[in-house]
Amino acid sequence: MMTNWLGLPPLASTHGGQIDNLLGWIHIFMLILFVGWGGFFLYTLIRFRKSRHPVANYAGVASPASKYSEIAVAVIEAILLVGFAIPIWAARVDRLPPESEALVVQVTAEQFAWNVRYAGPDGKFGRTDITLIDSQTNPLGIDPADPASKDDVTTLNQLYLPANKQIIVKLRSKDVIHSFGVPEFRVKQDAIPGYTIPVYFTADVTTDEMRTRTGNAEFQYEIACAQLCGLGHYRMRGFVTVQSAADFQTWMDQKVKEQLEAASNPFR
Ligand code: CUA
């Protein structure tokens with residue numbers, strides 16, 4: 001279905017087309033309902049006007065038309081729910097790809113920033129401990145004594161991703177409820193303290209391609225916090241850079257190198 005008329009942000013994920021389709025059908029059905037109910041309302045205003053019915057009619061409507069239209073509305077809503085919404089939910093929320101086939105990124109929200117962590121070449125996230133948290137130097141409380149933490153790469157408000165690879169974001173929060181929303185990926189998920197919530201998607205348009213496509217040389221994918229989380233909510237945004245697999249690997253190798261150097265520096 002063509003969904004340009006919805007005015008959505010440009011699409012940049014493999015599953016997003018399904019979401020746009022659902023949005024398109026919902027708008028069409030709701031437009032039909034709006035016109036139908038609006039027309040019915042106008043009809044009753046005129047048909048049952050005071051000059052024609054000076055006395056109330058206690059028998060009411062005798063025609064079965066309204067019953068049939070109610071049934072039709074219920075059927076359409078059931079189709080939207082069973083035919084579209086439930087299958088999308090089942091595929092998007094229940095069927096995570098295996099972690100071995102995906103890039104796993106930990107994203108931890110806090111007032112008012114996004115802490116991003118990659119496991120590094122060993123594929124293991126180092127241990128974290130709440131007592132090690134330092135808001136300036138160690139916002140995630142990563143334990144430097146854990147060998148698995150030595151190559152963990154962290155960034156603040158910068159999420160780098162390879163295009164055309166399954167991404168699993170493990171979403172967490174340090175304080176209140178935030179929401180991880182990237183409109184172009186058609187992804188939005190609340191981050192809830194005490195939970196680690198997986199979100200998965202495959203971005204299929206690099207930032208450079210999107211700049212060409214939109215004609216906007218400054219284009220950036222943004223993580224917008226989509227849940228009112230405090231006074232700084234408005235400025236809680238991060239940036240997503242989608243790169244080719246090779247460019248992403250170059251970036252990652254550089255970050256791992258910096259991290260290993262920092263980890264071996266006794267004066268840090
Ligand atoms: Cu975090 Cu709004």
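Inspection of region 169-179 identifies no residue that is of a type in the set (Asp, Glu) and crowded, with 16+ Cβ neighbours inside 10 Å.
When GLY238 is tested against (1) under 22 Å from ILE167 (Cα atoms); (2) within 16 Å of the ligand (Cβ to nearest atom); (3) open to solvent by 40 Å² or more (accessible area, probe 1.4 Å), exactly one condition is not met: (3). Are any of the residues in region 28-36 of a type outside the set (D, E, K, R), more than 18 Å from the chain's Cα centre (by Cα) and within 30 Å of VAL116 (Cβ to Cβ)? No; the residues of region 28-36 include none that is of a type outside the set (D, E, K, R), more than 18 Å from the chain's Cα centre (by Cα) and within 30 Å of VAL116 (Cβ to Cβ). Does any residue of region 221-235 turn out to be within 15 Å of the ligand (Cβ to nearest atom), farther than 23 Å from VAL93 by Cα and buried (at least 16 other Cβ atoms within 10 Å of the Cβ)? Looking for residues that are within 15 Å of the ligand (Cβ to nearest atom), farther than 23 Å from VAL93 by Cα and buried (at least 16 other Cβ atoms within 10 Å of the Cβ), one finds at least one in region 221-235, hence yes. When ALA203 is tested against (1) without any contact (Cβ under 8 Å) to a residue 40 or more places away in the chain; (2) away from the ligand (no atom under 16 Å from the Cβ); (3) under 15 Å from PRO9 (Cα atoms); (4) not hydroxyl-bearing (Ser, Thr, Tyr), just one condition goes unmet, and that condition is (1). One residue stands out among those in region 90-118 that are out of contact with any Phe, Trp or Tyr (no Cβ under 8 Å at 6 or more places or on another chain) and hydroxyl-bearing (Ser, Thr, Tyr): the one that is farthest from the ligand (Cβ to nearest atom), which is SER100.
Scanning region 37-58 for residues that are at pLDDT 90 or above and not aromatic (Phe, Trp, Tyr) returns GLY38, GLY39, LEU42, LEU45, ILE46. Within region 140-180, the set of residues being more than 17 Å from the chain's Cα centre (by Cα) and within 16 Å of the ligand (Cβ to nearest atom) comprises LEU156, LYS174, ASP175, VAL176. Flag: ASP175 matches the condition of being touching an Asp or Glu at 6+ places or on another chain (Cβ under 8 Å), under 26 Å from VAL93 (Cα atoms) and not assigned by TED's automatic domain parsing to the domain that holds TRP89.
Looking across region 195-213, the residues that are among the hydroxyl-bearing types (Ser, Thr, Tyr) and under 12 Å from GLU184 (Cα atoms) come down to THR202, THR206, THR207.
Out of curiosity, is ASP134 farther than 21 Å from ILE197 by Cβ, away from the ligand (no atom under 16 Å from the Cβ) and charged (D, E, K, R)?
Details: farther than 21 Å from ILE197 by Cβ: yes; away from the ligand (no atom under 16 Å from the Cβ): yes; charged (D, E, K, R): yes.
When the stated conditions are applied, ASP134 passes them.
I'd like to know if region 236-243 contains one or more residues that are touching a helix residue (DSSP H, G or I) at 6+ places or on another chain (Cβ under 6 Å) and assigned by TED's automatic domain parsing to the domain that holds GLU209. Checked region 236-243: at least one residue is touching a helix residue (DSSP H, G or I) at 6+ places or on another chain (Cβ under 6 Å) and assigned by TED's automatic domain parsing to the domain that holds GLU209.
Just one of the listed residues (SER244, SER264) is under 29 Å from GLU209 (Cβ atoms) and either within 16 Å of the ligand (Cβ to nearest atom) or loosely packed, with under 15 Cβ neighbours inside 10 Å (or both), and it is SER244.
Would you point out which residue out of VAL240, VAL199 is within 24 Å of GLY120 (Cβ to Cβ), touching a Ser or Thr at 6+ places or on another chain (Cβ under 9 Å) and not small (Gly, Ala, Ser)?
On the way: VAL199 fails: touching a Ser or Thr at 6+ places or on another chain (Cβ under 9 Å).
Testing whether each residue is within 24 Å of GLY120 (Cβ to Cβ), touching a Ser or Thr at 6+ places or on another chain (Cβ under 9 Å) and not small (Gly, Ala, Ser) leaves just VAL240.
The values are calculated or read from the model by the stated rules, or taken from the named source; none is laboratory data. These figures come from a predicted structure and were not determined experimentally. Quick reminder, even Gly has a Cβ in these numbers, built from the backbone with ideal geometry, and neighbours come from all protein chains shown. Calculation scope for accessible area: heavy atoms of the full protein, side chains included, ligands and nucleic acids excluded. Shrake-Rupley method; radii C 1.70, N 1.55, O 1.52, S 1.80 Å.
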